[in-house]
Amino acid sequence: MEYQGKYVPLGNSGLKVSQIAFGCGFRGTPPLEDAVNVITQAIENGINFIDCANIYTIADNEKSEIALGKALEGRRDKAVITSKVGSWVKKDDQGPNGYGGSRYHILREIDNSLRRLKTDHIDVYLLHQPDPTTPPEETVRAMETLCQQGKIRYVGVCNYDAWQVVTALDAQHRINAQPLIAMQNPYNLLNRTLEEETFPMAAHYGVGIMAYGALASGLLGGRYVPGQPMPPQSFWARSPLYREYYPYLFRGQVVEVVASVRKMSRKYGVSMAQIATAWVLTHPEVSCVVAGANTWEDFEDSILAAGLTLEQADVQELDRVSYGMRENFTLPHVTAVMERIKGE
């Protein structure tokens, strides 16, 4: 399945990327060979943007960066790659310095990532999460050092609020550093929080949004049906925390959104996943959707979504039915919700 979508600038840079990025957050399931094969197929079929992180793993707790490094052999120039820094690596390795935005941690982890990736540079290096314990000037100076050394080409952030992005940009401006070009945050029909402050900020400063979670952890993908049990071996069924959260989920507006996506999938003769992903791409602030998959067959829906054009009336209907939705299915949010539910 050849990619038929556009290649667009990432933020205000001249870097052109496919509107679908292959996400290497495999959740630890596929063996190394399978992970390498699906990444390779994505690159060979026109997906030139591959998203990774230093904490992502595949089977046997092997690093996803190793799989990506093997997939890049002989085709490095075909791919724009990311990796991330800032989340906990092995706690017994660096002790209290095993995470965060300190110069110590960033300069150490870049070399570990480059070794696993078998490359001399990372195209877009992303801070995986905010670090309130480190001054922003220290963090951006460390990233600028890596730019000057040629170890990275561009800087980005993940899971930052709008004000935190502006703070980072301001710190970069003060030290005359290259400004960040991208941010990666969850965005989908069940979580439209980014529209409130992040979209206007991104448009103003020219920051490209890499949207992840377009299917809301699979809830918009068609496998989960309101009023029916979770599919066996599905992500929500395998995770004890998510399995506990599931009964509280399908009610009210969530049911309406899922029903609307299902209705439109029948109208267009495509999967629900394609509809949900295509809707995310209708927003000009979004440069790309980061889509993960353990198999090529699962990833084909994302490729097809990039070539799907929704009628304006249908976009407006999805906007209407999902208005105000703020359901965040990332792990910290689900944990907080479950704690609140148990306390009631």
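The values are calculated or read from the model by the stated rules, or taken from the named source; none is laboratory data. Just so we're clear, the structure is a prediction, and the values are computed from it rather than from any experiment. Cβ: placed from backbone, ideal geometry, glycine included. Neighbour counts: every protein chain shown. The area values use the complete protein model at the heavy-atom level, side chains included, leaving out ligands, DNA and RNA. Shrake-Rupley method; radii C 1.70, N 1.55, O 1.52, S 1.80 Å.
Miscellaneous remarks
- Close amide H contacts of Thr57 (hydrogens built in the peptide plane, cut-off under 5 Å, sequence separation of 5 or more or a different chain): Phe26, Arg27, Gly28, Ser64.
- Residues with amide H under 5 Å from that of Gly292, placed H, sequence gap 5 or more: Gly23
- Ranked by the mean number of other Cβ atoms within 10 Å of their residues, highest first, the peptides 5-12, 74-81 fall in the order 5-12, 74-81.
- The distance between label points at Glu73 and Glu44 comes to 1.4 nm (points 7 Å beyond Cα on the Cα→Cβ vector).
- Excluding ligands, DNA and RNA, the accessible surface per residue across region 27-155 is 43 Å² with a 1.4 Å probe.
- Overall, the accessible surface of region 178-246 at a probe of 1.4 angstrom is composed of carbon and sulfur to the extent of 56 percent.
- Cα-Cα over 28 Å, subset of Lys16/Lys84; Lys78/Lys263; Lys16/Lys118: Lys78/Lys263
- Note that region 158-257 presents 44 Å² accessible area per residue, ligands and nucleic acids not counted, probe 1.4 Å.
- Distant-in-sequence amide H partners of Gln178 (H built 1.01 Å from N, under 5 Å): none
- Per-residue ³J(HN,Hα) for region 134-140, Karplus 6.51 cos²θ - 1.76 cosθ + 1.60, θ = phi - 60°, Hz, x for Gly and Pro: 10, x, x, 4, 5, 5, 6
- For the chain, taking a cut-off of 4.7 Å between Cβ atoms, the unpaired cysteines are Cys147, Cys158, Cys288.
- Note on the chain: with charges restricted to the Cβ of Lys and Arg (+1) and Asp and Glu (-1), its dipole about the Cα centre is near 240 debye.
- Modelled FRET efficiency - R0 35 Å, Ala237 with Lys263, Cβ distances, 0.05 increments: 0.85
- Shown for region 1-139: the carbon plus sulfur share of the solvent-accessible area, taken with all protein chains present and a 1.4 angstrom probe, equals 48%.
- Difference of contour (0.36 nm per residue) and Cα-Cα distance, Asp111 to Lys342: 78.8 nm
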